[in-house]
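Have a look at this one before I ask anything.
Just so you know, all these numbers are worked out from the coordinates, no wet-lab data involved. The structure presented is a predicted model; accordingly, all values stated were derived computationally and were not measured. Here the Cβ positions follow ideal geometry from the backbone for every residue, glycine too, while neighbour counts run over all protein chains shown.
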Amino acid sequence: MAEISFTNVSKTYAGGKAAALKDFNLKITDGEFMVLVGPSGCGKTTALRMIAGLEDISSGELKIDDTVANDLSPRDRDIAMVFQSYALYPHLSVADNIAFGLKVRGAKPDVIADKVRETAALLELTEFLDRKPSRLSGGQRQRVAMGRALVRSPNAFLMDEPLSNLDARLRGQMRAEISRLQRMTAVTTVYVTHDQVEAMTMGHRVAVMNKGTLQQLDTPRALYDQPLNMFVAGFIGSPPINFLEGRLVTHDNGPAVAIGEFLLPLAQQGERAARRIDQRVAIGIRPEHLKLSDNAGMPGTISARASFVEDLGADLLVHMDDKGTAASGAVVMDDERDMMKSAPRLKALVDGSHRVRRDDRVTF
Ligand code: ATP
């Protein structure tokens, strides 16, 4: 097992316009399940391939345990990678696919047989050992791909969107399965995904990336509760957070944020807010934190017309007419102002037992 650390690592591809990774710093501890998450092109796969030794590092230092690994050949790293396409050998049985890595390393036949049996049992593949991959379901193929990685007892597992080819039900099952295996084996695991549900449910810690930089590294809960910037706030959470434009004001001798008529006292961030009275700010409110209210017009409520209601069964997703507009002022960064402009209309996620119809005036 291994600790993996990036120190000021950058990568520019030949012919690439912008750096794929910029001054990237990340320390993955021994036995940790680390998720790298971010939109397409943010540099996740580049970081993962660097750990595997499949990508040159333009500058900075990658360490695996105490060894500088920048120039270490892939085979000297003893790291196993599971790809999005399972890369199974179609002409080999499940057992031979799992055994492949051990055979090429010259392991003894009885050791191989034991290891294959153990791994198949762990992955519940025992009854399929004689089958060819073409006669397996997507989930079973995925487990064989995992088995090929697991059987070697590597220093670390690297997984690049391993569930993206599966349907929603299987993805859910495999999420739990991979988490269980990682807990049992305690092998350092780096898992790349653009799916925030996978990030939230699987990672001990999650590194949120954008444009080649690390935006925030934290536990899933902390990313949800205390995002450091609008990018993280907008990326983590489903349906996505609402962004509104507001202004800091004084109310009842304390700072509050005003969004039109709506006043929200700021108990927690009082001191910071008190220094910025009158500034315009971006406000993030998660759709699930808006609660329906009968008190239209009362302080602490916000009213809007429902333009569209999606019945999700357990919940209703109510889309409102109002839209957060671009904020200006010191608190909102340039990038974030763009996010405000593209912010969709306000949404609320309310209990499915409520009756809300299109065109209703709703108070939250
Ligand atoms: P995705 O989720 O789409 O796989 P990613 O976050 O894994 O994206 P990377 O594959 O690491 O992103 O790519 C980061 C950036 O580097 C992108 O802008 C991409 O276009 C660029 N890039 C990746 N590979 C190469 C390459 N071989 N040559 C040139 N540019 C590349």
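Viscosity 0.692 mPa s, temperature 37 °C: give me the Stokes-Einstein translational D for the chain in µm²/s, with Rh taken as the Kirkwood radius over C-alpha pairs.
Answer from the Stokes-Einstein relation: 141 µm²/s.
So which trypsin sites (Lys or Arg not before Pro) in the range 11-56 end up in coil per DSSP with only 14 or fewer other C-beta atoms within 10 Å?
K17
Distance from a point 7 Å along Cα→Cβ of R75 to each backbone N in the range 82-111: keep the residues under 16 Å and list them by number.
100-107
Next question. Please compute the modelled spin-label separation between A18 and L228, points set 7 Å along Cα→Cβ, answer in nm with one decimal.
It is 1.8 nm.
Follow-up question, since we're still on this one. For the range 231-251 and the range 88-144, write down the distance between their C-alpha centroids in whole Å.
Measuring centre to centre over Cα atoms gives 48 Å.
Mean-square fluctuation check for the chain, GNM, Cα pairs under 10 Å: which of K132, K103, K115 is largest?
Checking each option, the largest mean-square fluctuation is seen for K103.
Over the alpha carbons of the range 159-300, what is the largest minus smallest coordinate on each principal axis, giving the biggest first in Å?
Over the range 159-300, Cα extents along the principal axes are 56, 35, 27 Å.
Find how much the distance from V356 to N295 grows on full extension, using 0.36 nm per residue of separation minus their present alpha carbon separation; answer in nm with one decimal.
The V356-N295 span can extend by a further 20.4 nm.
Mind listing which GluC sites (Glu not before Pro) in the range 123-201 are in a DSSP loop and have 13 or fewer other Cβ atoms within 10 Å?
Here the GluC sites (Glu not before Pro) that fit, given the DSSP loop and packing criteria, are E124.
Under a point spin-label approximation (7 Å from Cα along Cα-to-Cβ), what is the T185-T126 distance to one decimal in nm?
1.9
Fully extended, how many nm does the chain gain between A52 and D110 (0.36 nm per residue separation, minus their Cα-Cα distance)?
The A52-D110 span can extend by a further 18.0 nm.
Using only Cα atoms and rounding to the nearest 10 degrees, what angle (0 to 90) does helix 168-185 make with the longest principal axis of the chain?
60
Compute the FRET efficiency between E118 and I277 as 1/(1 + (r/R0)^6), taking r as their Cβ-Cβ distance and R0 = 56 Å, and round to the nearest 0.05.
Given R0 = 56 Å and the Cβ-Cβ separation, E is 0.30.
How large is ³J(HN,Hα), in whole Hz, for each residue of the range 223-240 in order, when computed from phi with the Karplus curve 6.51 cos²θ - 1.76 cosθ + 1.60 and θ = phi - 60°, using x for Gly and Pro?
5, 6, 7, 10, x, 7, 8, 5, 4, 5, 4, x, 7, 9, x, 9, x, x
Expected output is a single nm value to one decimal: the length gained when fully extending between N8 and L312, i.e. 0.36 nm times separation in residues minus the C-alpha distance. What is it?
The span from N8 to L312 would gain 105.0 nm if fully extended.
Of the options L263, A120, S73, report the single residue whose Cα projects farthest towards the positive end of the charge dipole of the chain (beta-carbon charges: Lys, Arg +1; Asp, Glu -1).
It is A120, whose Cα lies furthest towards the positive end.
Hey, what do the phi angles of the range 93-104 turn into as Karplus ³J(HN,Hα) couplings, whole Hz, using 6.51/-1.76/1.60 and θ = phi - 60°, x for Gly and Pro?
5, 4, 4, 6, 4, 5, 6, 3, x, 6, 4, 5
Still on this structure, please answer the following. So the label point goes 7 Å from the Cα of S153 along Cα→C-beta, right? Which residues of the range 173-210 then have their backbone N under 15 Å from it?
185-188
Of Q142, Q215, Q226, which is the most mobile in a GNM of the chain whose springs link Cα atoms less than 10 angstrom apart?
Q226
Select from S153, I236, V94 the residue farthest towards the positive end of the dipole of the chain; place +1 on Cβ of Lys and Arg, -1 on Cβ of Asp and Glu, and compute about the Cα centre.
The listed residue farthest towards the positive side: V94.
Next up: Under a crude label model (7 Å from the Cα following the beta-carbon direction), how far is N165 from F83 in nanometres?
Each label point is offset 7 Å from its Cα along the Cβ direction, giving 1.0 nm.
Say the cut-off is 28 Å between C-alpha atoms; which of K103/K132; K27/K347; K27/K132; K63/K211 go over it?
Beyond 28 Å between Cα atoms: K27/K347; K27/K132.
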